[in-house]
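What follows is a single structure, written as structure tokens, with notes after it.
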């Protein structure tokens, strides 16, 4: 696991966002297929999550309740920590994180 990503996760959590990357799920890891129902489901809590089965070099973070202000804080945090990312800023799109290789 990337030290840069671990530092960024800690800072994102300090902004009040729950971040978890170890939910048990099927191979695809779709929301709604997660075995352990997240405690935040149905709440207004800002969350980034990924299932353990899809957590490889390229990460696809699902999200909910990320306001434009929080989105900016997350992106600035990723940039400040040197974590490569890609996200069109849309609710329906995952936030792609790239770790490894060229760190």
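The values are calculated or read from the model by the stated rules, or taken from the named source; none is laboratory data. What you are looking at is a predicted structure, and each value in this text was computed from that prediction instead of being measured. Cβ sites come from the backbone with ideal geometry, for glycine too, and all protein chains shown count toward neighbours.
Is it the case that residue 25 is modelled with pLDDT under 65, in a loop (DSSP other than H, G, I, E, B) and in contact with a helix residue (DSSP H, G or I) (Cβ under 8 Å, 6 or more places away or on another chain)? Can you show your working first?
Working: modelled with pLDDT under 65: yes; in a loop (DSSP other than H, G, I, E, B): yes; in contact with a helix residue (DSSP H, G or I) (Cβ under 8 Å, 6 or more places away or on another chain): yes.
Judged against the criteria, residue 25 is a match.
Looking at 103, 41, 69, which is the one that is surrounded by fewer than 17 Cβ atoms within 10 Å (Cβ to Cβ), farther than 16 Å from residue 9 by Cα, at pLDDT below 60 and out of contact with any strand residue (DSSP E or B) (no Cβ under 8 Å at 6 or more places or on another chain)?
Going through 103, 41, 69 in turn, the sole match is 103.
Applying the selection to segment 72-84, what residues are more than 14 Å from residue 48 (Cα to Cα) and touching a strand residue (DSSP E or B) at 6+ places or on another chain (Cβ under 9 Å)?
Of everything in segment 72-84, those that are more than 14 Å from residue 48 (Cα to Cα) and touching a strand residue (DSSP E or B) at 6+ places or on another chain (Cβ under 9 Å) turn out to be 79, 83, 84.
Looking at the structure I just gave you, is residue 54 modelled with pLDDT under 80, over 14 Å from the mean Cα position of the chain (by Cα) and on the phi < 0 side of the Ramachandran plot?
Criteria not met by residue 54.
Return yes when residue 60 is in contact with a helix residue (DSSP H, G or I) (Cβ under 7 Å, 6 or more places away or on another chain), surrounded by 11 or more Cβ atoms within 10 Å (Cβ to Cβ), at pLDDT below 85 and assigned to a strand (DSSP E or B) and no when it is not. First the steps, then the outcome.
On the way: in contact with a helix residue (DSSP H, G or I) (Cβ under 7 Å, 6 or more places away or on another chain): yes; surrounded by 11 or more Cβ atoms within 10 Å (Cβ to Cβ): yes; at pLDDT below 85: yes; assigned to a strand (DSSP E or B): yes.
Considered against the rule, which asks whether it is in contact with a helix residue (DSSP H, G or I) (Cβ under 7 Å, 6 or more places away or on another chain), surrounded by 11 or more Cβ atoms within 10 Å (Cβ to Cβ), at pLDDT below 85 and assigned to a strand (DSSP E or B), residue 60 comes out as yes.
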